[in-house]
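**Q** This is the structure I want to talk about, given as structure tokens.
The values are calculated or read from the model by the stated rules, or taken from the named source; none is laboratory data. Every value quoted in this text rests on a predicted model; they were computed, and no experiment measured them. Using ideal geometry, Cβ is built from the backbone for each residue, glycine included, and neighbour counts are taken over all protein chains shown. Surface accessibility is based on the protein's heavy atoms, side chains included, excluding ligands, DNA and RNA. Shrake-Rupley method; radii C 1.70, N 1.55, O 1.52, S 1.80 Å.
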2 protein chains.
Amino acid sequence: QDPGVVQLRHQELLCINITYFFLNFSFFFIKCFIIKSKKPKTCSILFNRKFTQLPHLAGTEQNLRYAEQIKKEWMEFGLDSVEMVPYDVLLSYPNKSEPNYISIIDQLGNEVFNTSLAEPVPEGYENVSNIVPPYSAFSAKGQPEGDLVYVNYGRTEDFFQLQREMNINVTGKIVIVRYGKIFRGNKVKNAMLAGAKGIIMFSDPADYWAADVQPYPDGWNLPGGGAQRGNVLNLNGAGDPLTPGYPAKDYTYRFSLEDGVGLPKIPVHPIGFHDAVNLLKNMGGQIPPNNWKGALNVSYRIGPGFTDDFKSQKVRMNIHTDNQVTRIYNVIGRIRGALEPDRYVILGGHRDAWVFGGIDPMSGAAVVHETVRSAGKLLSKGWRPRRTIIFASWDAEEFGLVGSTEWAEDNTKLLQERAVAYINADSAIEGMYTLRVDCTPSLHTLVYDLTKQIASPEDGEEGVSLYESWHKRDNWTNDRDAPRISKLGSGSDFEAYFIRLGIAAGRARYTKNKKTERYSSYPVYHSVYETFEIVEKFYDPSFKRLQAVAQVRGGLIFLLADSQLLPLDVNQYADSLRKYAQSITQLAQKHPEEMKMYEVSFDSLFSAVENFTVAARDLHECLQTLDRADPLQVRIMNDQLMYLERAFIDPLGLPGRPFYRHVIFAPSSHNKYAGESFPGIYDALFDIQNSADPEKAWEEVKRQISIAAFTVHAAAMTLTPPA
Amino acid sequence: QDPGVVQLRHQELLCINITYFFLNFSFFFIKCFIIKSKKPKTCSILFNRKFTQLPHLAGTEQNLRYAEQIKKEWMEFGLDSVEMVPYDVLLSYPNKSEPNYISIIDQLGNEVFNTSLAEPVPEGYENVSNIVPPYSAFSAKGQPEGDLVYVNYGRTEDFFQLQREMNINVTGKIVIVRYGKIFRGNKVKNAMLAGAKGIIMFSDPADYWAADVQPYPDGWNLPGGGAQRGNVLNLNGAGDPLTPGYPAKDYTYRFSLEDGVGLPKIPVHPIGFHDAVNLLKNMGGQIPPNNWKGALNVSYRIGPGFTDDFKSQKVRMNIHTDNQVTRIYNVIGRIRGALEPDRYVILGGHRDAWVFGGIDPMSGAAVVHETVRSAGKLLSKGWRPRRTIIFASWDAEEFGLVGSTEWAEDNTKLLQERAVAYINADSAIEGMYTLRVDCTPSLHTLVYDLTKQIASPEDGEEGVSLYESWHKRDNWTNDRDAPRISKLGSGSDFEAYFIRLGIAAGRARYTKNKKTERYSSYPVYHSVYETFEIVEKFYDPSFKRLQAVAQVRGGLIFLLADSQLLPLDVNQYADSLRKYAQSITQLAQKHPEEMKMYEVSFDSLFSAVENFTVAARDLHECLQTLDRADPLQVRIMNDQLMYLERAFIDPLGLPGRPFYRHVIFAPSSHNKYAGESFPGIYDALFDIQNSADPEKAWEEVKRQISIAAFTVHAAAMTLTPPA
């Protein structure tokens, strides 16, 4: 017997061979899906052209055509059913007759410099129409004029520094910030809170330029004329801004635009660094703080308001972007479970792209497509998984995770009772270094076990497992000797499933070396330069990295759907809870006097974690002696495992964020991309030293500790024997 | 074979005999529980004295002693486990050193008449201590003085009539209203909204006096010195006012009293009609409208503010009631299910009483106790139900359903995943006429089937079933020929289970003839005259009515816990939804012009009801062909049946009422006792003709229709085949 098999906990021996078979299928097809016409017999030129050669922005004709094609192929692959599921949601497009741009204006208001209206189109795509120029989706319309103020990354701490240390007020001014570090929507929110009347975001080479790498097409750096598209919403999980909490169907009530969720009230626009230099170089004032210096900082000084030798740089934003209720289409395919059709394992990723989507999302959509193809092959050989598998090609992810959230809202009752797990399939690659996994703690063990069965895709690592390769490159730094797995944040389609509904979730992709590579995401992110060729030439010429990611995502789905006992490790959740509790306690202990004065204690939380730990251990002991021949006993145990994640959901939601309901995890209030543990407590503690009413602020800390302690206690109760 | 057996749908033939056995046990024991020392060999004098002879208000030593005794006996009866579950919740008691009363004051402020400080104690109870005098629990403290204004029942429509038709402003005045028609907390809320600085409630003989019946002890009417205790909260399902949403444990964060949920901000006090006559007889002004005249109206005229010959009646309220965080105790007993221990069927009723609790709640607590005893006997003979049965003796129901709500909060994760049904066991009798059942639509069929198996308790109806007897006395008036079953409102412990958590729920009791008996509840309700003797002498001398109620409640629990397939009828839910949709549409159609102007349509709701109807019918067809030998298939079907009620829960709650989450049913916003269907739409339509912003108001109607339509659609989806 293969010794690796023994390491795979909680799964049926019978399944292993099928797993291997399944994973091998993924390998075979992943490559021919994404490369263009290399293997015309298997994957037609036509097929590949359709998915990577034309822009397919959400809400466009082209993206509908892709949806129809995917539906058709999934049916051909042999799924039991495939349906198109439309919603009518608020999207946002530039006005074709009035382009968006930023001007430097002189004292008479004349536009003496205008930013570019489009990115230079890469070779081979010159004749493509419908390339949307760089814009900030959902920007307010308007033509505000004002002095420009540079606020670094536009983070909360950057605005604090500006306001508190430099004593600069941006009210009525236009701010310019560099991209990176945090989600752009948070930058916009911060600018609005600070009173700015517009915000410009640029890609600074300090953040989007790798050393010794050429700009595209000679390398994978962002050209100076490139810029990052993206939505600038603050939805906090609401999905379609006009139908928060409910699916955007024909009969659904829609809020007016004024009442829509998360829409910015000021104009927003993104530019590349060639344009940014022109805006920044003439700014007067003091040199910015050392920690604010990007690569552009050599050529300009920053202001205004720093010193008396302040020289104003006055700009005008010209933004005409329109919000429009637009039809979008998810494609939903199913394989009915043989024994438990009412248990759902979901693999979902988006299809809509800002332009070609060479990396985002088609490198991930390929994984979904090939997993469907592989599953279809298995079905044709008589296989059928124990549980139902649902495959989703989401629309309008780029406009606020809208397609996936609307479907979650539409199916909320079913998902709450029946969903086992959600695996996300956005971009499969954002770097060339190693695996990156973010997932719920109960999936850690499965991810480790699975990656030990998968080969490393790196050259020179023949015979080395993906686990070993990953472990070597990104070891957990502190308390254990294992590859790092991070908390889920947000920024992709798992959000509604994990944070709102409490469904165990995970994501996996290939990533950069975060110790040496400073840029956020990857340099050409959301630019026109995200082509098929950038993957083929630079990111993954052998397509082995994509194959490895496909094996991880597909393997997770397969094992979750077909193992008799769910491969979820609740002991791991206990460990994580303890770590998070220690971490939040340390944060509070930065205020020892207040902790004493207001009688703030974390004892109840640690007591709850202890309860949880004992209950988790006991449950895993019960699993050892479970009578697996008794279908009801197996089902009852699986229900306990499945519903654990649900137990962390508080229907009341987090303060001010009603759709973020997971008490243990939420996207950071200061950066949607990052996951925060015990977010209620964290937010209550945030900047508490500057609270206007410290007593009230500490009362809120105590209330949040109480909610966290209760939730962990209650989750522990779900792990104890059910009667 | 007994032909009645055939009529019991969805249940196992095997169970029937046990059912009968079980129900017979209930009969045998129900009597000896509640009567005093008639059968000393079976039920000791000691036992009965403990439960009916001493006041056992929530939070008192005596009520703890009863809890301990119940725990002890439930263990002796043979339950698998019994535990005391304490919470520390906000209760409210009169100040022992400063009694509450109302004074008539003269122009110098002298108190020229004071209301009585206590009710005359009934014969046989003269030496009992700790009888709490009539008071309004959670009243604000204070000694407001002001002119008295009579506002009939204090309903919303009464205040509207006063303000709009009579043009009387009660701001800064003290209002006096009669008890009845609506929950007293709603009267207090209305008085606060109208600006009153205090409110007095009295029991008018028009509402609490049956013709040709003597006052207690010679009959069951309320003596003139009797008064109705009761809480005056507006909790809207929050449970303990200081810990809304979370169980009131030692570590739980507590709001300050100022931030507590639903606490009245003005003094409130109840009086009997002997005292009321003195307050009312000297009031000047006009004769009140005809529809406001109670029995007291012959002797007084009403004012002030009606005409010029207004004569002021000035009163002072002296209220010193204290709010106190106090420990309460639920008793929770369990029988572990043999096959599905993780499916819970709950029988719960409260134990705490305002004084002796002869009717409320001990006539119901007796049913629970005897059901436990019967179940214990069955267990000792080797029986064990398929599912887990939970028995609950709730504390502090009288203080806002607090014990049951805290336990629901404590166990919310378990209940959400596992609870099949909740049957309530408050007072088993409130009249001598016939059965009264309020339950969720999916239980209608089970109630009908069950009552056909139970004998009528009425003299002269030997051989007649409870169903026939009930049918004859209270036939459904409109669309079908069956005994009336009503919607669940609130006012007892099922609230959190049904309205917040979406657990199928029902209640049954013996009631009055509502066509001929005008009084709300029963005349001595919440007075010191609710003794054991009033039941024994007047309400149920043979104890057959209580037996019948025990058979209904116990029978429901038994059948829900032991039937292989859950005896829930989702077709009946479809019928009810259609009826409710028609009813709410009719209400809206009173405004045909606005419906047209604002494009209000109920089409989406009817379309959803149609979907639901088809899905329900198909599901019941699937049930016919289900392979009952396949445990997983049975479980999957039962899960669909069980989770249907859950599908009506919207985590966002109703507007302004976050703990009322059931989209189909909620307690009326104007009377907590009454159930409202499609409450979101109903409340949006309420008094809409007087809306300050009609467009906004009709937009809200449309939004609520959309939510209702979505919820019914989504519930229908849960009934379709799961993959």
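**Q** Can you report the number of residues in region A:349-371 which are among the charged types (D, E, K, R) and over 15 Å from the mean Cα position of the chain (by Cα)?
**A** So in region A:349-371, the residues among the charged types (D, E, K, R) come out as A:351-352, A:360, A:370.
Checking which are over 15 Å from the mean Cα position of the chain (by Cα) leaves us with A:370.
Qualifying residue count, region A:349-371: 1.
**Q** Oh, and also: Give the residue that is farthest from B:Gly680 (Cα to Cα), with candidates limited to residues of region B:579-609 that are among the acidic types (Asp, Glu) and within 14 Å of another protein chain (Cβ to nearest Cβ).
**A** B:Glu599
**Q** Separate question: Would you point out the residue of region B:335-352, among those that are facing chain A (nearest Cβ under 7 Å) and open to solvent by 10 Å² or more (accessible area, probe 1.4 Å), that is nearest to A:Pro721 (Cα to Cα)?
**A** Applying the filter and picking the extreme gives B:Pro341.
**Q** Would you point out which residue out of A:Leu222, A:Leu257 is of a type in the set (A, V, I, L, M, F, W, C) and more than 17 Å from A:Glu119 (Cβ to Cβ)?
**A** From the options A:Leu222, A:Leu257, the qualifying one is A:Leu257.
**Q** Scanning region A:86-108 for residues that are open to solvent by less than 20 Å² (accessible area, probe 1.4 Å) and out of contact with any His (no Cβ under 8 Å at 6 or more places or on another chain), which turns out nearest to A:Lys381 (Cα to Cα)?
**A** For region A:86-108, the residue satisfying everything is A:Tyr87.
**Q** Please go through region A:314-334 and give me each residue that is within 12 Å of chain B (Cβ to nearest Cβ) and surrounded by 24 or more Cβ atoms within 10 Å (Cβ to Cβ), ordered by number.
**A** Residue satisfying the conditions is A:Gly333 alone.
**Q** Here's something else I'd like to know. Right, A:Pro385: within 14 Å of chain B (Cβ to nearest Cβ), over 30 Å from A:Arg327 (Cβ atoms) and crowded, with 24+ Cβ neighbours inside 10 Å or not?
**A** Taking the combined requirement at face value, the residue satisfies it.
**Q** Let me ask something else. Looking at (1) assigned to a loop (DSSP other than H, G, I, E, B); (2) more than 14 Å from every other protein chain (Cβ to nearest Cβ); (3) not aliphatic (A, V, I, L, M), find the lone condition where B:Thr371 falls short.
**A** With respect to (1) assigned to a loop (DSSP other than H, G, I, E, B); (2) more than 14 Å from every other protein chain (Cβ to nearest Cβ); (3) not aliphatic (A, V, I, L, M), B:Thr371 is out only on (1).
**Q** Also, quick follow-up: Kindly check whether there is at least one residue in region A:624-647 that is open to solvent by 20 Å² or more (accessible area, probe 1.4 Å), farther than 30 Å from B:Arg661 by Cβ and more than 14 Å from every other protein chain (Cβ to nearest Cβ).
**A** Checked region A:624-647: at least one residue is open to solvent by 20 Å² or more (accessible area, probe 1.4 Å), farther than 30 Å from B:Arg661 by Cβ and more than 14 Å from every other protein chain (Cβ to nearest Cβ).
A quick yes/no check of all residues on (1) in contact with a Pro (Cβ under 8 Å, 6 or more places away or on another chain); (2) open to solvent by 10 Å² or more (accessible area, probe 1.4 Å); (3) in a helix (DSSP H, G or I):
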residue: A:Lys377; (1), (2), (3): no, yes, yes
residue: A:Ala392; (1), (2), (3): no, no, no
residue: A:Ser404; (1), (2), (3): no, no, yes
residue: A:Val420; (1), (2), (3): no, no, no
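**Q** Here's a check for you: in region B:691-723, which residue that is at the interface with another protein chain (Cβ under 10 Å from one of its Cβ atoms) and assigned to a loop (DSSP other than H, G, I, E, B) is most open to solvent (accessible area, probe 1.4 Å)?
**A** For region B:691-723, the residue satisfying everything is B:Pro721.
**Q** Okay, moving on. I'd like to know if region B:166-175 contains one or more residues that are open to solvent by less than 20 Å² (accessible area, probe 1.4 Å) and hydroxyl-bearing (Ser, Thr, Tyr).
**A** No.
For (1) open to solvent by 10 Å² or more (accessible area, probe 1.4 Å); (2) assigned to a helix (DSSP H, G or I), each residue gets a yes or a no:
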| position | (1), (2) |
| --- | --- |
| B:Glu458 | yes, no |
| B:His471 | yes, yes |
| B:Arg480 | yes, no |
| B:Tyr497 | no, yes |
| B:Gly502 | no, no |
| B:Tyr510 | no, no |
| B:Tyr525 | yes, no |
| B:Ile534 | no, yes |
| B:Arg545 | yes, yes |
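**Q** Given the criteria away from chain B (no Cβ under 12 Å) and in contact with a helix residue (DSSP H, G or I) (Cβ under 7 Å, 6 or more places away or on another chain), does A:Ala615 qualify?
**A** Against the criterion (away from chain B (no Cβ under 12 Å) and in contact with a helix residue (DSSP H, G or I) (Cβ under 7 Å, 6 or more places away or on another chain)), A:Ala615 qualifies.
**Q** Can you tell me which of (1) open to solvent by less than 30 Å² (accessible area, probe 1.4 Å); (2) away from chain A (no Cβ under 14 Å); (3) of a type in the set (A, V, I, L, M, F, W, C) is the one B:Ala674 doesn't meet?
**A** (1)
**Q** Can you pull out every residue in region B:486-495 that is open to solvent by 10 Å² or more (accessible area, probe 1.4 Å) and at pLDDT 95 or above?
**A** B:Ser486, B:Lys487, listed by residue number.
**Q** Also, quick follow-up: Which condition does B:Ala365 not pass, out of (1) touching a His at 6+ places or on another chain (Cβ under 9 Å); (2) open to solvent by less than 10 Å² (accessible area, probe 1.4 Å), if it passes all the others?
**A** Only one criterion in (1) touching a His at 6+ places or on another chain (Cβ under 9 Å); (2) open to solvent by less than 10 Å² (accessible area, probe 1.4 Å) is unmet by B:Ala365, namely (2).
**Q** What is the residue count in region A:53-72 for residues that are in a helix (DSSP H, G or I) and open to solvent by 20 Å² or more (accessible area, probe 1.4 Å)?
**A** 8
Conditions (1) without any contact (Cβ under 8 Å) to a residue 24 or more places away in the chain; (2) within 14 Å of another protein chain (Cβ to nearest Cβ); (3) surrounded by fewer than 18 Cβ atoms within 10 Å (Cβ to Cβ), marked per residue:
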position: A:Phe183; (1), (2), (3): no, no, no
position: A:Asn186; (1), (2), (3): no, no, no
position: A:Ile200; (1), (2), (3): no, no, no
position: A:Ser203; (1), (2), (3): no, no, no
position: A:Tyr208; (1), (2), (3): no, no, no
position: A:Gln214; (1), (2), (3): yes, no, yes
position: A:Pro247; (1), (2), (3): no, yes, no
position: A:Ile266; (1), (2), (3): no, no, no
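**Q** Quick one: A:Gln161 ticks every box in (1) without any contact (Cβ under 8 Å) to a residue 40 or more places away in the chain; (2) more than 26 Å from the chain's Cα centre (by Cα); (3) surrounded by fewer than 22 Cβ atoms within 10 Å (Cβ to Cβ) bar one, so which box is it?
**A** Here A:Gln161 meets the rest and fails (1).
**Q** From the set of residues in region B:677-689 that are in contact (Cβ under 8 Å) with a residue 60 or more places away in the chain and in a helix (DSSP H, G or I), which is farthest from the other protein chains (Cβ to nearest Cβ)?
**A** Step one: list which residues in region B:677-689 are in contact (Cβ under 8 Å) with a residue 60 or more places away in the chain, which gives B:677-678, B:681-682, B:685, B:687-689.
Still in the running and in a helix (DSSP H, G or I): B:681-682, B:685, B:688-689.
Values: B:Ile681: 12, B:Tyr682: 17, B:Leu685: 15, B:Ile688: 16, B:Gln689: 22 Å.
Of everything passing the filter in region B:677-689, B:Gln689 is farthest from the other protein chains (Cβ to nearest Cβ).
**Q** Ok, one more. Hand me the list of helices (runs of 4 or more DSSP H) wholly inside region A:565-660 holding 1 or more residues that are within 30 Å of B:Arg628 (Cβ to Cβ) and touching a strand residue (DSSP E or B) at 6+ places or on another chain (Cβ under 7 Å). Don't jump to the end; show me each part of the working.
**A** Numbers: elements: A:570-588, A:592-597, A:603-625, A:631-646.
Passing ranges, in order: A:631-646.
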